[in-house]
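The values are calculated or read from the model by the stated rules, or taken from the named source; none is laboratory data. Please read all numbers here as calculations on a predicted model, not as lab measurements. Cβ: placed from backbone, ideal geometry, glycine included. Neighbour counts: every protein chain shown. Surface accessibility is based on the protein's heavy atoms, side chains included, excluding ligands, DNA and RNA. Shrake-Rupley method; radii C 1.70, N 1.55, O 1.52, S 1.80 Å.
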Amino acid sequence: MKIPKYSILAVLILTVMSCASEKKENKDLKVEIYETSASGNSLTKITELSSIDTTSVIKILPEKKFQTITGFGGSFTESTAYLLNRLSKKNRDTIIEAYFGEDGARYSLTRTHIASCDFSLSNYTYAPEADDMELKSFNIDDDRDDLIPLIKDAQAISKDGFKIISSPWSSPPWMKDNQDYVGGKLLPKYYDVFALYFSKYLDAYKAEGIDIWGLTPVNEPHGNGNNWESMHFTPEEETDFVQNHLGPKLEANGYGSINILGYDQNRKGIKEWVDEMYKDETSSKYFAGLAVHWYESTYDYFPEELQYAHNKAPNKYLIETEGCVDSEIPKWQDDAWYWRKEATDWGWDWASAEDKHLHPKYAPVNRYARDIIGCLNNWVDGWIDWNMVLDKQGGPNWFENWCVAPVIVDPDNDEVYFTPLYYTMAHFSKYIRPEAQVIGVENPDTELMITAAQNPDGSIAVVLFNEGSTEKNFALNLNDKLVTIKINAQAIQTVVIPQS
């Protein structure tokens with residue numbers, strides 16, 4: 001049968017159109033977009049893509065690989081645990097689910113305190129009897145009412161589990177030269193006993209079904225101005241303690257796999273600490289990595305210092321173990337405040353004249369977003385917020401050292417407020433998973449902060465922060481596939497590219 005010419009022409013036209021359509025579809029980059037913004041989005045899924053052509057093309061470079069992610073999360077403190085126990089079961093469960101559930105922030109890396117800290121209800125130690133060299137009096141009874149039940153409940157909810165880093169703010173006071181919880185130094189004659197103290201702690205928590213992933217020898221070895229629990233170490237003293245006492249004791253007692261992270265204070269001090277910790281193979285043997293805090297500035301994340309730490313020991317961990325909006329009473333049910341440059345930190349009042357420039361007023365969301373992205377772009381592999389929950393006063397806190405947490409509660413009225421900081425944290429913790437690898441980004445827009453990571457399942461999470469007062473349009477390019485996206489003014493956005 002003879003086929004009419006017009007039928008052949010129609011077939012050819014349809015074939016060309018089909019090929020063109022297929023070619024266009026292949027060039028489209030499929031994405032999911034989530035945004036938190038000053039205009040009201042709270043990890044909101046954005047379904048409408050930008051229709052504006054733009055010359056700003058952000059290129060994702062998965063072939064450029066950097067550090068492997070350990071995780072993101074917050075801290076289990078007695079203050080947080082106590083407050084959750086004062087809420088109704090419904091609200092308590094809602095908060096734990098929001099942090100650790102599959103539909104929540106999916107926290108994967110956490111921290112807790114060994115004995116009391118400023119965010120405890122009182123001072124306490126696990127070894128109350130002086131000169132108890134065998135630590136026969138050791139017990140964790142102070143943790144049984146609030147702290148341990150919270151950790152267990154979080155474990156029960158978390159599908160993938162989470163790592164815990166534990167830090168003492170002080171040794172038992174009787175081991176120190178000033179016999180006090182606040183300030184002072186660990187006496188050398190008690191170095192072995194304090195090492196045993198850590199081992200006993202690991203035993204006690206293991207018996208509760210809680211395995212500890214990492215330890216720091218002490219929180220903030222430079223001290224805190226002798227305000228709350230603290231204990232001073234020089235880099236030489238801490239390295240000696242880890243090298244000759246803590247490391248060997250843990251190894252001998254079956255805890256050789258525990259990750260000991262040195263330092264655990266602000267980033268400007270990194271160089272002197274890593275120079276001593278990683279001086280040679282012997283000194284660095286028991287150090288798994290470095291722990292740092294962010295309190296040295298409200299805007300500077302100290303990239304040169306972070307780069308120095310990485311270059312000194314490229315195969316060691318580099319983890320931010322504490323950061324929060326400090327020296328502020330939380331603003332209740334006022335999302336706008338968290339986006340405004342009104343917050344002040346300790347340095348606003350107390351920093352030395354030469355460091356005052358590091359502590360201007362800031363917007364809390366900006367500080368979190370800038371710091372986490374800045375850290376990820378400078379080899380940091382884990383980032384831990386401080387308290388997960390505080391009350392409207394910024395406590396409870398035995399020293400009245402008020403701070404802000406991502407979730408604020410009013411236990412008297414059984415009310416809960418998820419601040420924009422909660423959603424800011426979730427932009428990272430929910431979508432960049434443990435064992436993800438930070439990858440390269442080519443970014444022509446100096447007003448946008450960007451980081452990207454490829455997850456173990458092959459998906460890619462790109463986190464962008466627009467601190468400016470105008471919305472921006474950009475094209476995201478991965479392997480020559482493109483999508484055009486709008487990010488609102490004052491917004492943080494996570495773009496998830498599913499596994500191709």
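Miscellaneous remarks
- Screening residue 141 on (1) free of Cβ contacts under 8 Å to residues at least 24 places away in the same chain; (2) within 19 Å of residue 435 (Cα to Cα) shows it passes everything except condition (2).
- Residue in segment 326-333 that is β-branched (Val, Ile, Thr) and open to solvent by less than 60 Å² (accessible area, probe 1.4 Å) present: no
- You will find that of 86, 92, the residue that is among the basic types (Lys, Arg) and either modelled with pLDDT under 95 or touching a Leu at 6+ places or on another chain (Cβ under 7 Å) (or both) is 92 and no other.
- Residues satisfying the stated conditions in segment 25-49, i.e. in contact (Cβ under 8 Å) with a residue 60 or more places away in the chain, under 17 Å from residue 478 (Cα atoms) and not in a strand (DSSP E or B): 26, 27, 29, 30, 31, 49
- When each of 445, 412 is tested for being among the charged types (D, E, K, R) and in contact (Cβ under 8 Å) with a residue 24 or more places away in the chain, the lone residue that passes is 445.
- In the set 345, 335, only one residue is within 28 Å of residue 423 (Cα to Cα), in contact with an Asp or Glu (Cβ under 9 Å, 6 or more places away or on another chain) and touching a residue at least 24 places away in the same chain (Cβ under 8 Å); that residue is 345.
- Scan of segment 76-116 for residues that are in contact with an Asp or Glu (Cβ under 6 Å, 6 or more places away or on another chain), open to solvent by 20 Å² or more (accessible area, probe 1.4 Å) and assigned to a loop (DSSP other than H, G, I, E, B), ordered by number: 88
- Answer from 118, 131, 103 - the residue that is of a type in the set (D, E, K, R) and in contact (Cβ under 8 Å) with a residue 60 or more places away in the chain: 118
- Residue 164 being in contact (Cβ under 8 Å) with a residue 12 or more places away in the chain, part of a strand (DSSP E or B) and either farther than 16 Å from residue 125 by Cα or open to solvent by 10 Å² or more (accessible area, probe 1.4 Å) (or both): yes
- Every test in (1) under 23 Å from the mean Cα position of the chain (by Cα); (2) surrounded by fewer than 23 Cβ atoms within 10 Å (Cβ to Cβ); (3) in contact (Cβ under 8 Å) with a residue 24 or more places away in the chain is passed by residue 284 save one, and that test is (1).
- Looking at segment 167-282, the helices (runs of 4 or more DSSP H) lying wholly inside it that each contain 3 or more residues that are farther than 19 Å from residue 138 by Cα and modelled with pLDDT of 95 or more sit at 235-241, 247-252, 270-277.
- From 412, 480, residue being at positive phi and open to solvent by 30 Å² or more (accessible area, probe 1.4 Å): 480
- Residue list for segment 362-394, restricted to those being touching an Asp or Glu at 6+ places or on another chain (Cβ under 9 Å), under 13 Å from residue 450 (Cβ atoms) and among the aliphatic types (A, V, I, L, M): 369, 372
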